[in-house]
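Below is one structure; the comments refer to it alone.
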Amino acid sequence: MITEARRRLLPIAGGAAAVLAVWFVGMAAAAVVVTPTVVVAFGDPARLAAGDGDLLASGRGFLAMRTGSTDTVRSLYQNGAWLVWPVLTAGCGRR
């Protein structure tokens, strides 16, 4: 039996899931539509390193690279990337 508190949380959880889904899909689409100079790709770094570009950082499950051409994002997806996001800002905030 669903309690009253759970019944109130269901629409909130559904809305949050929808907002997150739109954000994830939007970022992935932006990496394909816009030609970014730096991207973060999520997937197996060993497979993703074969892509066209300069390696900036690597960790468990991600790879950051400077793009070498306009086809870098597509080549990352072809090499098994789960998601490729553009890096929209340079650095870590204000200096």
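The values are calculated or read from the model by the stated rules, or taken from the named source; none is laboratory data. Being a predicted model, the structure only gives us computed values, none of them experimental. Counting neighbours? That spans all protein chains shown, and the Cβs are built from the backbone with ideal geometry, glycine included. What goes into the accessible areas is simple: the full protein's heavy atoms, side chains included, and nothing from ligands, DNA or RNA. Shrake-Rupley method; radii C 1.70, N 1.55, O 1.52, S 1.80 Å.
Projecting label points 7 angstrom from Cα along Cα→Cβ for Ala46 and Leu88 puts them 3.4 nm apart.
Just the number please: accessible area per residue for the chain, 1.4 Å probe, all protein chains included, in Å². Intermediate results must be reported in sequence, preceding the final value.
Details: 6750 Å² over 95 residues.
About 71 Å² of surface per residue is accessible.
Length available on full extension from Arg7 to Arg66: 0.36 nm per residue minus the Cα-Cα distance, which gives 16.6 nm.
Relative contact order, percent, of the chain when contacts are C-alpha pairs under 8 Å separated by at least 6 residues? Each step should come with its number before you reach the end.
Values: 130 pairs, mean separation 28.4, N = 95.
Once normalised by length, the contact order is 30 percent.
The listed residues Met65, Met27, once ranked by accessible area (1.4 Å probe) with the largest placed first, stand as Met27, Met65.
To the nearest 10 degrees, how steeply does helix 4-33 sit against the main Cα axis of the chain, on a 0 to 90 scale? The answer is roughly 20 degrees. If the chain linking Ala29 and Ser58 were pulled fully straight, counting 0.36 nm for each residue of separation and taking away their Cα-Cα distance, it would gain 8.2 nm.
In the chain, carbon and sulfur make up what percent of the accessible area (probe 1.4 Å)? Carbon and sulfur: 64 percent of the exposed surface of the chain.
Please state the shape class of the chain: rounded when a/c is under 1.5, otherwise prolate if a/b exceeds b/c and oblate if not, all from the C-alpha gyration tensor. Note, shape of the chain comes out prolate.
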